[in-house]
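**Q** The structure that follows is given in the form of structure tokens.
Throughout, read-outs are computed from the coordinates displayed, never taken from laboratory work. Bear in mind that the values here come from a model prediction, so they are computed numbers and not experimental data. Neighbour counts are summed over all protein chains in view; Cβ atoms, including those assigned to glycine, are modelled from backbone coordinates with ideal geometry.
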Amino acid sequence: MRKITLLLLFAFMSITLTAQNADELKKELASKKDSISKLQAKAKKIQGQIDKLPGWRVGAFGTIGASLSGFNNWYARNAPNADAANIGITVNAFANLIEEDFFWRNSGNLNLGWVKLDDKSISGDEDFETASDVFTLSSLYGKRLNKKWALSALGEYRTTLIDNFNDPGYLDLGAGLTWTPTSHLVVVMHPGNYNFVFSSGDTVFESSLGAKVVADYTNKYGGLSIKSNLSLFQSYKDGDLSNWTWTNSFGYTLWKGVGLGFEVGLRNNKQEALNNALLDNPAETFATVDNKLQTYWLFGLSYAF
């Protein structure tokens, strides 16, 4: 009986000590988390001060999405023997020189995608086909009037790389004002802008004078990187020659720069819509063409540089 009592007493003391140790460890963990939060707040404040200093700011992040599959004698499919693949890559990069009396902001966006569905019973479909093809470069120079406003000049070039390089290609050159309410947001307003459109052969593409508006937001919240860019051209000659493109990129770092990424792009361009429609119906015009919203998206692994 005495041995049982001693064993129960020992077990009770062990449980009590364990509970006490767990409570102490939880209190210590809470204290450490509080210290980490304070350090993160200090680090964010210091980073904000660094961002305001003159000099270059350089950065980039990108996304890689891929899926591969293969079927052999899978009779539930219409094509029981087939291989499929989908590969996509996006890169967003910037190099900005920020000084007290001027700035020079440079950025680039690349989105390339390939898709393949190889039915082994059919020859000739073994190669990859282009799924997405976007390439944009921009350079903005501004001479400051004050902390938020500047006289500015912009050069922006948009085209495709894999298919139909520079056919069409768009080059915007213009001048006006730029508003920078924060270090992360840039809004360009250029009432004097010429939209050069490059194309080969007899096409519907036409260059024109108009107004250019660009809004670019780039920021980082902890492990989340965000870039949103809206580029709009309004033609003074004809509304059918106007166009806009809006891209949004997100990258969330999980471990040592590697994480998840997502990019979505929207575009409205009636010249491109008509040029594509003419391939099937030569009688199409600006008045009859169905100018549908163009979209693309990519989800996959990301890497922050």
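**Q** What is the local net charge at Phe102, summed over the other residues whose Cβ is closer than 10 Å to its Cβ (Lys, Arg +1; Asp, Glu -1)? Walk me through the intermediate numbers first.
**A** Values: positive: Lys143, Arg144; negative: Glu99, Glu100, Asp101.
Net of charged neighbours comes to -1.
**Q** Translational diffusion coefficient, Stokes-Einstein: compute it for region 182-233 using the Kirkwood radius over C-alpha pairs as Rh, at 4 °C and 1.567 mPa s, and state it as an integer in µm² s⁻¹. Before the final figure, lay out the partial values.
**A** On the way: Rh = 13.5 Å.
The diffusion coefficient I find is 96 µm²/s.
**Q** Give me Ile87, Ile36 sorted ascending by neighbouring Cβ count inside 10 Å, so fewest comes first.
**A** Taking fewest neighbouring Cβ atoms as first place, the list is Ile36, Ile87.
**Q** If I stretch the segment between Ala84 and Lys27 completely, what's the gain in nm (0.36 nm per residue apart, minus their alpha carbon distance), one decimal? Numbers along the way, then the final one.
**A** Numbers: separation 57, 0.36 × 57 = 20.52 nm, distance 5.34 nm.
Length gained between Ala84 and Lys27: 15.2 nm.
**Q** Output the 0 to 90 degree angle, nearest 10, between the alpha-carbon long axis of helix 2-51 and the longest principal axis computed from the alpha carbons of the chain.
**A** 30
**Q** Right, here's the next one. Only four residue types carry charge here, +1 at the Cβ of Lys and Arg and -1 at the Cβ of Asp and Glu. Report the dipole size of the chain about the Cα centre in Debye, rounded to the nearest 20.
**A** Details: 29 positive and 30 negative charges, 531 e Å.
So the magnitude is around 2540 debye.
**Q** Take the Cα gyration tensor of region 122-203, multiply each eigenvalue by 5, square-root it, and list the three semi-axes largest first, rounded to whole angstrom. The partial results should precede the final answer.
**A** Details: eigenvalues 271, 54, 9 Å².
Here the semi-axes work out to 37, 16, 7 Å.
**Q** Same structure, new question: Can you pull the one-decimal nm distance between simple spin-label points at Thr130 and Asn291, each 7 Å off the Cα toward Cβ?
**A** 2.3
**Q** Give the whole-number value, in cubic angstrom per residue, of the convex hull volume spanned by the C-alpha atoms of region 157-305. Mind dumping the intermediate values first?
**A** Details: hull volume 19.2 nm³, N = 149.
Considering the Cα atoms of region 157-305, their hull volume per residue is 129 Å³.
**Q** What list of ³J(HN,Hα) couplings, whole Hz, do you get for region 192-201 from phi and the Karplus terms 6.51, -1.76, 1.60, once you set θ to phi - 60° and write x for glycine and proline?
**A** Computed from phi, the couplings for region 192-201 are x, 9, 10, 9, 7, 10, 9, 7, 9, x Hz.
**Q** Right, here's the next one. Taking the structure as given and computing Rg and Dmax of the Cα atoms in Å, which label from [x] 28.1, 105; [y] 31.0, 104; [z] 20.2, 59 fits?
**A** Among [x] 28.1, 105; [y] 31.0, 104; [z] 20.2, 59, the one calculated here is [x].
**Q** When Lys and Arg each count +1 and Asp and Glu each count -1, what net charge do the other residues less than 14 Å away from Asp133, Cβ to Cβ, add up to? Please report the intermediate quantities before stating the final value.
**A** Details: positive: Arg158, Arg267; negative: Glu129, Asp163, Asp167, Glu263, Glu272.
Cβ neighbours under 14 Å give a net charge of -3.
**Q** Using 0.36 nm per residue of separation minus the Cα-Cα distance, give me the extension gain between Ser139 and Asn72 in nm, one decimal. Kindly include the intermediate steps, with their values, before the conclusion.
**A** Details: separation 67, 0.36 × 67 = 24.12 nm, distance 5.08 nm.
Length difference between fully extended and current span is 19.0 nm.
**Q** Sorted by mean Cβ packing within 10 Å, highest first, what order do the peptides 289-297, 225-233 take? It would help to have the intermediate numbers written out before the result.
**A** Numbers: 289-297: 12.8, 225-233: 19.8.
Going by the mean number of other Cβ atoms within 10 Å, highest first, we get 225-233, 289-297.
**Q** Taking the simple approach of a point 7 Å from Cα along Cα-to-Cβ for both Asn106 and Asn164, what is their distance in nm?
**A** Output for this residue pair reads 2.9 nm.
**Q** With a point put 7 Å past each Cα toward its Cβ, work out how far Tyr236 is from Lys147 in nm, to one decimal.
**A** Distance between the two pseudo-spin positions: 3.5 nm.
**Q** How large is the helix-only mean residue ellipticity at 222 nm for the chain, computed as the sum of -39500 (n - 2.57) over DSSP H runs with n ≥ 4, divided by its residue count, in deg cm²/dmol to the nearest 500?
**A** Working: 2 runs with 58 residues, N = 305.
My calculation for the chain gives -7000 deg cm²/dmol from helical runs alone.
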